[in-house]
Amino acid sequence: MAEVGLTTTIPVEVLLAAGETPVDLNNIFITDPDPEALVNQAERDGYPRNACGWIKGIYAVALRRGINKVVAVTQGDCSQTHALMETLQAAGVEIIPFAYPYDRDRQLLAAQIQRFMDYFGVTRQQVEETREKLKPVRQLCAQIDELTWKEGKVTGAENHYYQVCCSDFNGDVASFYTEAQQFYQEASQRPAGNVAVRLGFMGVPPIITDLYEFTESLGAPVVFNETQRQFTMIDSLGEDLVTQYQRYTYPYDVFGRIADVNRQAELRRLDGVIHYTQTFCFRQIEDLLIKPRVNCPVLSLEGDRPAPLDARNKLRLEAFVEMLQMRSVSSM
Ligand code: SF4
């Protein structure tokens, strides 16, 4: 089994059916004991200051880990991935491109998945069998999500972790399943939480290292993680493989994502949403589409390098939570 790096969520069932070990480069970058050193390494290699911190971290961690194959999503993720691929290719890494069609065209997506299966030498049947095996793991992560927003027994950071891991299942599905089962058992026994302000988080996973803990300390835990929840594919498990990746919202237009956030905001009775963007990311432009369309107050929050919240962002979060508290008191 060889490790295959991922730059974002792709049809991981194909890699697992082929006996490969998927490694989400984002996850190993941000959980590294010193992620800032990885960003610095990329800059020493020539990455400009005004490139995204995630891209720099992915680049450096892939090289340090000696990954020699990377699946790079060339459409539907990130405008900077193209140059990332080229710099990795120049360093001797084999690049396997994968593209999500912007308009969710079924035939184009099916052709991409077929190409991907051909590359790894697996059949549709093998991939479907793998998809079936993953379903209980994905469902368990959705149950952990329910413990977060229905019962207040799981923190925003724990919610983030179990769902974000559904991109690669930590490279070992059986171990991850056992870990998630043990966590579920333990968390189910906790007393139900009393949540004053219910926050949602939308956008790419945060590079900020203490965001969840900080909002929790203000009495405003995150009870919805948009992109991480999408990684579980929980809304489309009953469908076929192509439909599953067609209904996954993240790689397509922002309007589908906004509709998903609004559905979840109503279901989870969210008081407000943090729209997180990364410094130098094209997704910052989408903020102007998100703010007027999300059906509750939105705070735009920006992160640059892997580090705790700075004083300015802490103040902005405190003011946002205070405003939401006053709103909920005046609507009583
Ligand atoms: S945060 Fe934006 S620029 Fe950075 S990797 Fe993600 S999509 Fe690309």
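Please treat every number below as a calculation from the coordinates, not as lab data. Just so it is clear, the model here is predicted, and its values are computed rather than measured. Counting neighbours? That spans all protein chains shown, and the Cβs are built from the backbone with ideal geometry, glycine included.
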Neighbour counts of other C-beta atoms within 10 Å: give me Val173, Val23 arranged from fewest to most. Val173, Val23
Can you give the calculated 222 nm mean residue ellipticity of the chain, where each DSSP H run of n ≥ 4 adds -39,500 (n - 2.57) and the sum is split over every residue, rounded to the nearest 500 deg cm²/dmol? -15500 deg cm²/dmol
Across the stretch 97-103, in residue order, what do the Karplus-derived ³J(HN,Hα) couplings come to in whole Hz, using 6.51 cos²θ - 1.76 cosθ + 1.60 with θ = phi - 60° and x for Gly and Pro? x, 9, 10, 8, x, 3, 8
P(r) for the stretch 151-247: what percent of alpha-carbon pairs falls in each 5 Å bin, starting at zero? 2, 12, 19, 21, 21, 15, 7, 3, 0
Residues Ile208, Ile285, Ile10 in order from fewest to most other beta-carbon atoms within 10 Å are Ile285, Ile208, Ile10
For the chain, what is the percent of antiparallel DSSP beta bridges, rounded to the nearest 5? 0 percent
For the stretch 100-143, the Cα-Cα pair-distance distribution in 5 Å bins from 0, as whole percents, is 5, 20, 18, 18, 21, 16, 3
Kirkwood hydrodynamic radius of the chain, from inverse mean 1/r over distinct Cα pairs, in Å: 20.4 Å
Order of Tyr184, Tyr276 - criterion: other Cβ atoms within 10 Å of each residue's Cβ, fewest first: Tyr184, Tyr276
Kirkwood Rh over alpha-carbon pairs of the stretch 195-332 plugged into Stokes-Einstein at 20 °C, 1.002 mPa s gives a D in µm²/s of 137 µm²/s
If you take the Cα atoms of the stretch 3-124, find Rg, then find the Kirkwood Rh from the mean of 1/r over all pairs, what is Rg/Rh? 0.98
What residue among Gly156, Gly256, Gly53 shows peak mean-square fluctuation when the chain is described by a Gaussian network model with Cα springs under 10 Å? Gly256
Separation in nanometres of the label points that stand 7 Å from Cα toward Cβ, at Arg312 and Asp287: 1.0 nm
